[in-house]
Each structure stands twice: as C-alpha cells, then as structure tokens.
Amino acid sequence: MIMILFMNSLSIPETASFELRDFLQRILTKNPEERLTIAGMREHPWVTSISPIQPLPTTEENCAFLVTQVTDEELKAAIKKVHNLFTVVC
C-alpha cells in the first residue's frame, strides 16, 4: 500500500464495481486530509454491501477487548526490516 501511495497513478480494473473503485481510490488518496478515515471505511457502501446479513461489529464491540500491554517480544516479532522498509507482519 505504501508503494501505491508513492506511485503517480492507481490502476484499478474496469471490471471492478463502482463502489470498489471508489473505496480503493479514497483509501489510497495521497493527501491524508482527503483520505477516507477508518470510520469512513466502515460506513462506505462497498464495505456495508459485502455482508448485509452479518454486518461489521460496532466500534464498541470491536474495541471491547483491547490489548492493554504489548511485550517487547511481541513488538520485535511484529516488525521486520525488509529491503530498507519496515513491514508489519501479522
């Protein structure tokens, strides 16, 4: 995603739906002031139309069990240096 942000243009296949193209363009907007927020992503028509039967959990439900402390071992395992870029590994 970082590389896409640095590129001059984004190429999205025309076969992608209007909602998907709009979603991708808005989350990959270079200007952070114009970029879609996390709240905006959750409410975007492409996201909400994917699973109308099982909607996303509310922010409160999603954040009910926050990790309160991250150990140094967990932090070291999550971030790896790859070709001069830092990548978060899930």
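FYI, it's all coordinate maths here, none of it is from the lab. In this text the structure is predicted, and so the values were computed from the model without any measurement. Here the Cβ positions follow ideal geometry from the backbone for every residue, glycine too, while neighbour counts run over all protein chains shown.
Can you give the net charge of the other residues whose Cβ lies under 15 Å from the Cβ of L24, counting K and R as +1 and D and E as -1? Could you put the intermediate results ahead of the total?
Numbers: positive: R21, R26, K30, R35; negative: E14, E19, D22, E34.
In short, 0.
Would you mind putting 32-38, 22-28 in packing order, based on average other-beta-carbon counts within 10 Å, highest first? Intermediate results must be reported in sequence, preceding the final value.
Numbers: 32-38: 10.4, 22-28: 16.0.
For the peptides 32-38, 22-28, the packing ranking is 22-28, 32-38.
Please work out how much length the chain gains when fully extended from R21 to V47, using 0.36 nm per residue of separation minus the C-alpha to C-alpha distance, in nm with one decimal. Can you show the working numbers first?
Values: separation 26, 0.36 × 26 = 9.36 nm, distance 1.19 nm.
Using 0.36 nm per residue and subtracting the Cα-Cα distance, I get 8.2 nm.
Given 0.36 nm per residue, what is the gain on full extension from E60 to K30 after removing their alpha carbon distance, in nm? Please list the in-between numbers first.
On the way: separation 30, 0.36 × 30 = 10.80 nm, distance 2.91 nm.
Result: 7.9 nm gained on full extension.
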